Amino acid sequence: MSAQAVSSRLAVLRLLADGERHSGEALAAELGISRAAVWKQIRGLERLGLCVDAVRGKGYQLRRPVDLLDAGKISAALGKPVCRAIEQLHVLEEVDSTNSFLFTGPKPAPRKLRVCLAEYQTGGRGRRGRVWLAPFGRGLCMSVGWQFASQPRDLAALALAAGVIARRSLIALTGLPIEIKWPNDLLFAGKKIGGILVELAAESHGPCHVVVGIGVNVSAAPELTGNPGAWAGGAVDLATATGEPPPSRNALAAALIEELAGMLQRYADDGFSGYHAELADADYLQGRRVAADGVVGAAIGIGADGMLLIETDAGVSKVLAGDVSVRPES
Ligand code: BTN
């Protein structure tokens with residue numbers, strides 16, 4: 001889609017975002033386009049998963065108002081030190097993947113962050129090569145780029161620490177009892193509400209560029225979110241989980257950036273140890289019968305190094321990476 005088409009679509013959406021009914025005529029006049037062009041953009045919004053009610057002779061109305069991302073609101077909600085540490089804050093209407101955008105772009109300067117958020121990802125990616133879906137304006141799709149001067153110890157557990165801080169932000173804003181399914185799936189009542197994708201490029205004795213991507217289902221139907229088929233427990237969004245209007249995506253973005261910045265700034269010195277207890281507290285798998293990386297047994301916790309501990313007849317196995325499925329009790 002051309003940049004022009006994306007911006008007309010967004011212009012229509014900005015007018016409809018209040019959730020009120022707007023006549024085709026008023027929209028067309030406001031935007032200086034024809035009514036047919038308005039209709040085309042409305043169809044475009046529907047293709048992105050936004051429901052627009054069209055009442056003949058009366059106009060168009062979003063079935064649910066949409067809270068659009070706003071770089072100014074996000075920056076205003078950040079503390080000064082983090083604001084100063086942000087080299088670039090990109091808020092995009094559409095991108096293939098916020099992770100790819102940062103990973104293939106310029107690396108941040110030392111102790112600086114690059115942040116990218118998008119209303120819509122055409123190629124959102126989940127862990128292990130899966131897709132990540134989020135309808136336009138209904139999820140939080142955000143990535144933060146950082147460069148370590150050299151490979152930090154505990155690099156392998158960085159994604160776990162990111163899960164811990166994402167959970168912390170979600171709890172602070174919603175009060176929901178979010179759990180973490182190892183390694184870093186964010187769950188509410190056993191359903192997936194968010195996920196983390198960390199990508200990195202490291203030289204053996206040189207700098208290490210990391211991009212931490214966070215996806216949160218904010219207010220979208222579960223069948224339209226997450227990574228379909230990835231987790232048998234299904235998906236849920238913040239609005240459904242709280243039974244209330246979800247927190248503003250701008251406030252959520254700011255809270256996550258604030259926490260992530262602190263974590264990345266400290267990680268080289270402090271490593272994973274400061275996150276281990278919180279991860280253990282949030283451990284969804286604890287006590288469940290699981291299968292991971294060919295090992296089947298009872299999940300008995302997470303080691304200080306971030307590995308999943310599974311008790312089998314042959315003893316305790318440590319799993320470093322992979323997907324975990326939960327088995328029925330035998
Ligand atoms: C998972 O649970 O499999 C990880 C999902 C990570 C999704 C986020 S959305 C923002 C960032 N950009 C991507 O393409 N993926 C991550």
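So here's what we get for this one:
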quantity: Distant-in-sequence amide H partners of Q151 (H built 1.01 Å from N, under 5 Å); calculated: G206
quantity: Whole-number accessible area per residue in Å² for segment 71-280, which is evaluated in the context of all protein chains at 1.4 Å; calculated: 38
quantity: Sparsely packed GluC sites (Glu not before Pro) within segment 1-103, loop by DSSP, other Cβ within 10 Å at most 15; calculated: E20
quantity: Simple Cβ-charge dipole of segment 3-62, Lys/Arg +1 and Asp/Glu -1, about Cα centre, in debye nearest 20; calculated: 220
quantity: Cβ-based net charge around D67, under 15 Å, with every Lys or Arg adding one and every Asp or Glu removing one; calculated: -1
quantity: Surface share of carbon and sulfur [accessible, 1.4 angstrom probe, percent] for the chain; calculated: 51
quantity: Cα-based helix-to-principal-axis angle, 158-174 vs the chain, degrees rounded to 10; calculated: 50
quantity: Relative contact order [Cα under 8 Å, 6+ residues apart], segment 108-167, whole percent; calculated: 39
quantity: Residue-level accessible surface for V131, protein heavy atoms, 1.4 Å, Å²; calculated: 80
quantity: 3J(HN,Hα) from dihedral phi, segment 80-89, Karplus parametrisation 6.51/-1.76/1.60, rounded to Hz, x for glycine, proline; calculated: 4, x, 6, 4, 5, 7, 7, 6, 8, 10
quantity: Efficiency of FRET from Cβ geometry, L92 and D305, R₀ 41 Å, rounded to 0.05; calculated: 0.65
quantity: Entries of K112/K318; K73/K112; K112/K192; K107/K192 with Cα pairs more than 29 Å apart; calculated: K112/K318; K112/K192; K107/K192
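The values are calculated or read from the model by the stated rules, or taken from the named source; none is laboratory data. Because the structure is predicted, anything quoted here is derived from the model rather than measured. Neighbour counts are summed over all protein chains in view; Cβ atoms, including those assigned to glycine, are modelled from backbone coordinates with ideal geometry. Just so you know, the surface numbers come from the protein's heavy atoms only, side chains and all, with ligands and any DNA or RNA stripped out. Shrake-Rupley method; radii C 1.70, N 1.55, O 1.52, S 1.80 Å.
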